[in-house]
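Participant: Sharing a structure, written as C-alpha cells. Questions coming.
The values are calculated or read from the model by the stated rules, or taken from the named source; none is laboratory data. Note that the structure is predicted; figures quoted are calculated from it, not measured. Positions of Cβ are generated from backbone atoms using ideal geometry, with glycine treated the same way; all protein chains shown enter the neighbour counts.
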Amino acid sequence: MTLINRLLVYAIGSCSLLFLVACSGGESRIAFIGQTEISTMNPDGTDVIQITSNQSEKVTANWSKDGSKVVFDNMVSDDMEIFIMKSDGTEISQLTSNDANDWLPLVSPSGDKIMFISDRDGDDEIFLMDIDGSNVTQLTVNDWDTDWGCAWSNDGKTIFFSSDRDGDTELFVMNVDGTKIRQLTTNSYEDDMAVLSPDGEYLAFYSDRDGDYEIFSMKIDGTEVRQLTSNPAGDFDPIWSPDGKQIVFSSDRYLDEEMFVMNSDGTAVVSLGVQGYPVDWVK
C-alpha cells in the first residue's frame, strides 16, 4: 500500500497523523493532525496546542528547518492545495490554486524551496517551487506512472523518491533539477517512503519484501540492506531521530495504527500508545 493511499485512508477516517517538530524552547514537540486540524504536543502526549481551526481536511504538514514556518496541504473545494503559515498558526497564505491535487509539501534544507506532489499533468509527479509559491517547475515526467514519497538530501542537491515506473514501487534518487535519475532498489516488492539519516549515510524505508510491511535501512547507494522489524503486522513511515540513534515508525500490530520507537538497529521497540504515523523528528 503506497503512502498516498494510506494518507487518504487516515484523512477520511479522521485518525491522527503525527509529526515531531521543534518548539521555541529547543525541545522536540509532536505535531499531529487530529481529525482535520494541525496540533502540537509534548513527546509524552501532554500540552496539546491546536494550531489550525478551519475544519477542512488536511493530509500532511512539514516544518522548516528553523522552525519558523509550516507548509501543509488543505482541501479546497474538491482539490488539495498547499499553504504556508507561521509555526504558531498565524499568517496563513495559499501557495497553489488549480483544479489538480497539490500535496505532500516538503521545505528544502535552505528554506527557500518547496518540493511537492501534483497530478496536474494527469498523474502524480514531483514539482518544485519557491517558498512563496512562484516559479513552479515539474521535475519528473511519466505517462501513467506515479512519483511520490520524496525526501531531501541534507545539502538540498539531490532528492530521494518512490516510483512505480518499473512496474512496482521502488526507490530512486535524482538531482534537484530532475536529471540523472538512478534506481536504488530492484525487486518485485514495494519499497517505499525513504527518509535520510541525519548523517546523510543511510536511508530508512518500509517494504513488503518479507511478505508484510517492515522497516528496512540501507546505504544511500542501495547497498547494505538491513531488515529492522519483523512481525506479522505492517510497519510503516520510519523517521530518524535528530541524533540518528532512534527511529520512530507506525504499526498496526495492535490493530489500530500506532506510534512506536526503536533503536536505529531495530532493537528495543517501544509503543508510544498514540494512534497515527510520524513524518518528522526535529530538534
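Participant: What are the residue pairs meeting all of these: first residue in the stretch 82-97, first residue under 15 Å from ASN54 (Cβ atoms), second residue in a loop (DSSP other than H, G, I, E, B) and of a type in the set (Val, Ile, Thr), Cβ atoms under 6 Å, and 6 or more apart or on different chains?
Facilitator: Correct list of pairs: ILE82/THR96; PHE83/ILE92; MET85/ILE92; GLY89/ILE51; GLY89/THR52.
Participant: Being closer than 17 Å to MET193 by Cα, of a type in the set (S, T, N, Q) and either buried (at least 19 other Cβ atoms within 10 Å of the Cβ) or free of Cβ contacts under 8 Å to residues at least 24 places away in the same chain (or both) is the requirement here; does SER134 meet it?
Facilitator: Taking the combined requirement at face value, the residue does not satisfy it.
Participant: Between a residue in the stretch 109-124 that is free of Cβ contacts under 8 Å to residues at least 24 places away in the same chain and under 28 Å from ASP155 (Cβ atoms) and any residue that is surrounded by 15 or more Cβ atoms within 10 Å (Cβ to Cβ) and polar (S, T, N, Q), which pairs come within a Cβ distance under 6 Å, given they are 6 or more apart or on different chains?
Facilitator: Nothing qualifies.
Participant: Return yes when MET129 is under 18 Å from SER64 (Cβ atoms) and touching a Cys at 6+ places or on another chain (Cβ under 6 Å) and no when it is not.
Facilitator: Taking the combined requirement at face value, the residue does not satisfy it.
Participant: Another question about this same structure. Out of all the residues in the stretch 61-94, which are more than 24 Å from PRO278 (Cβ to Cβ) and not polar (S, T, N, Q)?
Facilitator: VAL76, ASP78, ASP79, GLU91
Participant: Hey, another quick one. Does SER110 fit the bill of being within 17 Å of LYS65 (Cβ to Cβ), out of contact with any strand residue (DSSP E or B) (no Cβ under 8 Å at 6 or more places or on another chain) and either not in a strand (DSSP E or B) or not charged (D, E, K, R) (or both)?
Facilitator: yes
Participant: When you scan the stretch 148-163, how many residues do you find that are in a loop (DSSP other than H, G, I, E, B), farther than 14 Å from LEU184 by Cβ and touching a residue at least 24 places away in the same chain (Cβ under 8 Å)?
Facilitator: The number of residues fulfilling the criteria is 3.
Participant: Out of the residues in the stretch 57-83 meeting the condition of being within 20 Å of the chain's Cα centre (by Cα) and either among the hydroxyl-bearing types (Ser, Thr, Tyr) or outside any strand (DSSP E or B) (or both), tell me which one is surrounded by the fewest Cβ atoms within 10 Å (Cβ to Cβ).
Facilitator: Taking the candidates together, the pick is ASP66.
Participant: Okay, next question. Is there a residue in the stretch 219-233 that is of a type outside the set (Asp, Glu), modelled with pLDDT under 95 and closer than 23 Å to LYS58 by Cα?
Facilitator: No: zero hits.
Participant: Among ASP166, ASP191, ASP177, ASP155, which is among the charged types (D, E, K, R), surrounded by 15 or more Cβ atoms within 10 Å (Cβ to Cβ), out of contact with any Cys (no Cβ under 6 Å at 6 or more places or on another chain) and farther than 18 Å from SER264 by Cα?
Facilitator: ASP191
Participant: Checking the conditions here, which among LYS113, LYS86 is basic (Lys, Arg), out of contact with any Gly (no Cβ under 6 Å at 6 or more places or on another chain) and either surrounded by fewer than 13 Cβ atoms within 10 Å (Cβ to Cβ) or at pLDDT below 95 (or both)?
Facilitator: From the options LYS113, LYS86, the qualifying one is LYS86.
Participant: What number of residues within the stretch 241-270 satisfy the criterion of being surrounded by fewer than 18 Cβ atoms within 10 Å (Cβ to Cβ), touching a Leu at 6+ places or on another chain (Cβ under 6 Å) and on the phi < 0 side of the Ramachandran plot?
Facilitator: 0
Participant: Something else about it: Just to be sure I understand, how many residues within the stretch 80-94 are of a type outside the set (A, V, I, L, M, F, W, C) and within 22 Å of ARG120 (Cβ to Cβ)?
Facilitator: Result for the stretch 80-94: 3.
Participant: Which condition breaks for GLY178 when tested against (1) farther than 27 Å from ASP79 by Cα; (2) touching a residue at least 24 places away in the same chain (Cβ under 8 Å); (3) in a loop (DSSP other than H, G, I, E, B)?
Facilitator: Against the list (1) farther than 27 Å from ASP79 by Cα; (2) touching a residue at least 24 places away in the same chain (Cβ under 8 Å); (3) in a loop (DSSP other than H, G, I, E, B), GLY178 comes up short only on (1).
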